[in-house]
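Have a look at this one.
The values are calculated or read from the model by the stated rules, or taken from the named source; none is laboratory data. Just so you know, these numbers come straight off a predicted model, no measurement behind them. Cβ sites come from the backbone with ideal geometry, for glycine too, and all protein chains shown count toward neighbours. Heavy atoms of the whole protein, side chains included, go into the accessibility calculation; ligands, DNA and RNA do not. Shrake-Rupley method; radii C 1.70, N 1.55, O 1.52, S 1.80 Å.
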Amino acid sequence: MPETPLNPTHAWKALAAHAAEIKGQHLRDLLVQSERCQQMRRQLPGLLFDFARQLATTQTLKLLLDFGQQVDLSAKIQSMRRGEAINATENRAVLHYALRAPQQTGSDPRPQVGEQDAIAEVHDALAKIAAFAEEIRTGTRRGVTGRRLTDVVVIGIGGSYLGTEFVYEALRTDPFCASLAGKRRLRFLANVDPIDVARALAGLRADRTLVVIVSKTFTTAETILNAKTVRAWLREHLNRNDVSPHLAAVSAATGEAMAFGVPEERVFPMWDWVGGRYSVCSAVGLLPLALQFGMEPMQEFLQGARALDQHFFTAPLEDNLPVLMGLWGLWNVSFLGHPARAVLPYCQALHRFAAHLQQLDMESNGKRVTMSGQELSQDAGEIVFGEPGTNGQHSFFQLMHQGRVVPADFIGFRRSQRPASVAGEAVANHDELMANFFAQPDALAIGQTREQAAQICRNEKKPTELAPHRVFPGNRPSNVLLLDQLTPHSLGQLLALYEHRTAVQGFLWDINSFDQWGVELGKVTAKTVRRQLAACRAHPKTEIAGFNPSTQFLLQAYTG
Ligand code: F6P
């Protein structure tokens, strides 16, 4: 019988017993042990991972690694690499790493999906993206009026949107990328809310706009309605029915995209073996980003992700960053009982990272049954949220310091994309930011005792009754990731690191991180409501029926 959280045998029980002991320890004592601190960090070129602020000892790490071995973590990672159908409920391989694999794989495994050579298909697609992006950027391909297509509106939602926007936001202030973008504009339209249409199109001219419809299935209701809305806008402003020179698509459903009016040669592929939330490195992300920045930085981005893939597939578990991050996630959720995780990049360019991770992590690991369909005995998944530092400090950090325990990932950079300093200031602006970056994890971990709080009150000549309000319990765990600089390459590393971390955590919980049945029920329910709304709009006297009394009342209020 395999070891799973549902079937806790030796290693799980050992961790549970160990957790009971660890809960009696305090990070303020653990953090002064220099040998422990030394053993609780790892380094890759350009990337430092310090986990000394986990409420854990080196023994904890050993027990977590034992558990990883007992659940055959390495074997699961290699099954993914070989292209086995580890997304069992959909009978699909999980090959997003192939999106950035080199064309020639040498002695490394080369995944085949049926007859398909996945890596060869990826490189064909990359060549097609590079050619198309170049033609649009240089003006070889133009719009129907002969004008250059300088603006791109990307229509898509969920995995067909969040990752691309996160990468775009991260790179648009990188000086190299900014110079390549020039005056080009990239907009996103995701929400079916018509306000989002208005925002996406504001200030754009149809004759200069290329619309990229991104939908793996080409059936997603929000995306299709938005695509129809924008196609109508193009038709109206270009004064013609055939607006195909202004359209492109990324989809696994080429026929549907063509039926919509996108010429076949402008449909870029998606594959069953890439899940939406893992698809940034496919045409889903690469086409819009190459249109904006050109192919050169995007190749660097792919290389950064590839370097991390190589590390993930070859490093021993105890030195493997995604594995270690996944193990600490497991420890905090399943053994210390902390269901949430804050992602805190001290870098404004990463302001959409948490939004991307919310989908990546929560759609992947928010599951209730094991791979074989048995109910989990404990909750899986983490509640992910975040904001860039220092903004978050002036918002929800209060709760993190004195309310709930929320394990956090602090992500910072040694150098800024856009350094600045003010004459006469003691430190440059980036140092000011980073002073907070280094301070917050310690404040969370070490806290402030009642005695210290009382002393501060006395020093400030304030009543000591305030002391309890100024106590910080500390013992709040966090990871620290320190990278050199936010560039296309390091961004690729960061993306792959978190993709693999997510998969690792799913492997440890024995859940399927690659399906998403949980989004279906709401979609089906919406169809019933949509039918009712259509009937009411067509015949205002139509009776609202078939709903519970509350929904019936609400629909009456809405349509009345
Ligand atoms: O939200 C569910 C979901 O299926 C995601 O997994 C996916 O990324 C998104 O919808 C968009 O789907 P599509 O690319 O097929 O439009």
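Considering only segment 342-358, state which residues are crowded, with 19+ Cβ neighbours inside 10 Å and over 12 Å from D409 (Cβ atoms). Spell out how you get there, then give the answer.
We begin by selecting, within segment 342-358, every residue crowded, with 19+ Cβ neighbours inside 10 Å; these are 342-347, 349-350, 352-357.
C347, A349, R352, A355, H356 - these are the residues of segment 342-358 that are crowded, with 19+ Cβ neighbours inside 10 Å and over 12 Å from D409 (Cβ atoms).
When only residues in segment 267-285 that are over 16 Å from the mean Cα position of the chain (by Cα) and more than 11 Å from the ligand (Cβ to nearest atom) count, which is surrounded by the most Cβ atoms within 10 Å (Cβ to Cβ)? Can you show your working first?
Filtering segment 267-285 for residues over 16 Å from the mean Cα position of the chain (by Cα) gives 267-273, 283.
When the remaining residues are screened for being more than 11 Å from the ligand (Cβ to nearest atom), the result is 267-269, 271-273, 283.
Details: V267: 25, F268: 24, P269: 17, W271: 21, D272: 17, W273: 23, A283: 27.
Looking at the filtered set, the residue picked out is A283.
Any idea which residue in segment 84-110 is most open to solvent (accessible area, probe 1.4 Å), counting only those that are part of a loop (DSSP other than H, G, I, E, B) and under 17 Å from C281 (Cα atoms)?
Filtering segment 84-110 for residues part of a loop (DSSP other than H, G, I, E, B) gives 84-86, 91, 93-95, 101-110.
In the following step, the residues that additionally are under 17 Å from C281 (Cα atoms) were identified as 93-95, 101-103.
On the way: A93: 11, V94: 8, L95: 0, A101: 7, P102: 48, Q103: 101 Å².
So the residue we want is Q103.
Right, another one. Residues that are crowded, with 24+ Cβ neighbours inside 10 Å, part of a helix (DSSP H, G or I) and of a type in the set (F, W, Y): does segment 300-312 have at least one?
Checked segment 300-312: at least one residue is crowded, with 24+ Cβ neighbours inside 10 Å, part of a helix (DSSP H, G or I) and of a type in the set (F, W, Y).
What residue, of L344, L327, is assigned to a strand (DSSP E or B) and modelled with pLDDT of 95 or more? Full working, then the answer.
Working: L327 fails: assigned to a strand (DSSP E or B).
None of the others qualify; the one that does is L344.
Among the listed residues L533, L508, L494, identify the single one that is away from the ligand (no atom under 16 Å from the Cβ) and more than 30 Å from D72 (Cβ to Cβ).
Details: L508 fails: more than 30 Å from D72 (Cβ to Cβ); L494 fails: more than 30 Å from D72 (Cβ to Cβ).
Sole residue among the options that is away from the ligand (no atom under 16 Å from the Cβ) and more than 30 Å from D72 (Cβ to Cβ): L533.
Here's something else I'd like to know. Can you name the condition, by its number, that L521 falls short on among (1) buried (at least 18 other Cβ atoms within 10 Å of the Cβ); (2) assigned to a helix (DSSP H, G or I); (3) within 16 Å of the ligand (Cβ to nearest atom)?
Going through (1) buried (at least 18 other Cβ atoms within 10 Å of the Cβ); (2) assigned to a helix (DSSP H, G or I); (3) within 16 Å of the ligand (Cβ to nearest atom) one by one, L521 breaks only (1).
Among the residues of segment 151-206, which ones are outside any helix (DSSP H, G or I), within 13 Å of the ligand (Cβ to nearest atom) and among the hydroxyl-bearing types (S, T, Y)? Full working, then the answer.
Applying the first criterion (outside any helix (DSSP H, G or I)) to segment 151-206 yields 151-157, 161, 172-174, 182-193, 202-205.
Within this subset, residues satisfying the condition of being within 13 Å of the ligand (Cβ to nearest atom) are 154-157, 161, 189-192.
Selection gives Y161 alone.
Just wondering, is there one or more residues in segment 135-154 that are over 16 Å from W273 (Cα atoms) and in contact with a Phe, Trp or Tyr (Cβ under 6 Å, 6 or more places away or on another chain)? I'd like the intermediate steps shown before the answer.
Keep residues of segment 135-154 that are over 16 Å from W273 (Cα atoms), which gives 135-154.
Next cut, in contact with a Phe, Trp or Tyr (Cβ under 6 Å, 6 or more places away or on another chain) only: 154.
Yes, segment 135-154 contains a residue that is over 16 Å from W273 (Cα atoms) and in contact with a Phe, Trp or Tyr (Cβ under 6 Å, 6 or more places away or on another chain).
In segment 529-555, how many are loosely packed, with under 12 Cβ neighbours inside 10 Å and not in a loop (DSSP other than H, G, I, E, B)? Reasoning before the result, please.
At the first step, the residues of segment 529-555 found to be loosely packed, with under 12 Cβ neighbours inside 10 Å are 530-531, 534, 537-541, 543, 545-546, 548-550.
Subsequent filtering for residues that are not in a loop (DSSP other than H, G, I, E, B) retains 530-531, 534, 537-538, 549-550.
Residues that pass the stated criteria total 7.
Hey, another quick one. Let me spell it out: the conditions are (1) in contact (Cβ under 8 Å) with a residue 40 or more places away in the chain; (2) of a type in the set (S, T, N, Q); (3) farther than 19 Å from F313 by Cα, and N87 meets all of them except one. Which number is the exception?
(3)
Still on this structure: Quick one: count up the residues across segment 477-517 that are part of a loop (DSSP other than H, G, I, E, B) and not hydrophobic (A, V, I, L, M, F, W, C). Show your work before the answer.
Quick first cut of segment 477-517, residues part of a loop (DSSP other than H, G, I, E, B) only: 477, 486-487, 510-516.
With not hydrophobic (A, V, I, L, M, F, W, C) added as a condition, the list becomes 477, 487, 510, 512-513, 515-516.
Total meeting the criteria: 7.
Quick check on this structure: which one of E425, E432, E451 is over 26 Å from Q348 (Cβ atoms) and either open to solvent by less than 60 Å² (accessible area, probe 1.4 Å) or out of contact with any Gly (no Cβ under 8 Å at 6 or more places or on another chain) (or both)?
Numbers: E425 fails: over 26 Å from Q348 (Cβ atoms); E432 fails: over 26 Å from Q348 (Cβ atoms).
The conditions single out E451.
Where residues in segment 34-65 are polar (S, T, N, Q) and surrounded by fewer than 20 Cβ atoms within 10 Å (Cβ to Cβ), which of them is farthest from V405 (Cα to Cα)?
In the first step, residues of segment 34-65 are kept if they are polar (S, T, N, Q); the result is 34, 38-39, 43, 54, 57-60.
Applying the additional criterion that residues be surrounded by fewer than 20 Cβ atoms within 10 Å (Cβ to Cβ) yields 34, 38-39, 43, 57-59.
Numbers: S34: 25, Q38: 25, Q39: 24, Q43: 27, T57: 19, T58: 22, Q59: 22 Å.
Looking at the filtered set, the residue picked out is Q43.
Let me ask something additional. Restricting attention to segment 342-370, which residues are away from the ligand (no atom under 15 Å from the Cβ) and over 18 Å from G329 (Cβ atoms)?
We begin by selecting, within segment 342-370, every residue away from the ligand (no atom under 15 Å from the Cβ); these are 342-354, 368-370.
Residues satisfying the conditions are Y346, C347, Q348, A349, L350, H351, R352, V369.
If you don't mind, another one. For segment 240-262, which positions are open to solvent by less than 30 Å² (accessible area, probe 1.4 Å), within 16 Å of the ligand (Cβ to nearest atom) and not hydrophobic (A, V, I, L, M, F, W, C)?
Of everything in segment 240-262, just one residue is open to solvent by less than 30 Å² (accessible area, probe 1.4 Å), within 16 Å of the ligand (Cβ to nearest atom) and not hydrophobic (A, V, I, L, M, F, W, C), namely S251.
Pull out all pairs, ordered by first then second residue, where Cβ-Cβ is under 6 Å, the residues are six or more apart or on different chains, the first lies in segment 377-389 and is farther than 16 Å from T502 by Cβ, and the second is of a type in the set (A, V, I, L, M).
S377/L6; G389/L344
Right, here's the next one. Condition first: within 16 Å of the ligand (Cβ to nearest atom) and more than 25 Å from P297 (Cβ to Cβ). Can you find one or more residues in segment 74-87 that meet it?
We begin by selecting, within segment 74-87, every residue within 16 Å of the ligand (Cβ to nearest atom); these are 87.
Now narrow it down to the ones that are more than 25 Å from P297 (Cβ to Cβ): 87.
Yes, segment 74-87 contains a residue that is within 16 Å of the ligand (Cβ to nearest atom) and more than 25 Å from P297 (Cβ to Cβ).
Same structure again: Of everything in segment 207-226, what is more than 10 Å from the ligand (Cβ to nearest atom) and either out of contact with any strand residue (DSSP E or B) (no Cβ under 9 Å at 6 or more places or on another chain) or closer than 22 Å to A133 by Cβ (or both)? Give them in sequence order.
Residues of segment 207-226 that are more than 10 Å from the ligand (Cβ to nearest atom), as a first pass: 207-212, 225-226.
D207, R208, T209, L210, V211, V212, L225, listed by residue number.
Please tell me if I155 is under 15 Å from L186 (Cβ atoms) and either modelled with pLDDT of 95 or more or among the small types (G, A, S) (or both).
Working: under 15 Å from L186 (Cβ atoms): yes; either modelled with pLDDT of 95 or more or among the small types (G, A, S) (or both): yes.
So I155 fits the description; yes.
Limited to segment 368-406, what total is found for residues that are closer than 24 Å to F353 by Cα, open to solvent by 50 Å² or more (accessible area, probe 1.4 Å) and in a helix (DSSP H, G or I)?
First pass over segment 368-406, keeping only residues closer than 24 Å to F353 by Cα: 380-401, 404-406.
Checking the rest, the ones that are also open to solvent by 50 Å² or more (accessible area, probe 1.4 Å) come to 383, 385, 387, 391, 394-395, 398-399, 404.
In the following step, the residues that additionally are in a helix (DSSP H, G or I) were identified as 391, 394, 398-399.
Final tally of qualifying residues: 4.
Restricting attention to segment 133-150, which residues are part of a helix (DSSP H, G or I) and surrounded by 15 or more Cβ atoms within 10 Å (Cβ to Cβ)?
Filtering segment 133-150 down to residues part of a helix (DSSP H, G or I) leaves 133-138.
Selection gives A133, E134, I136, R137.
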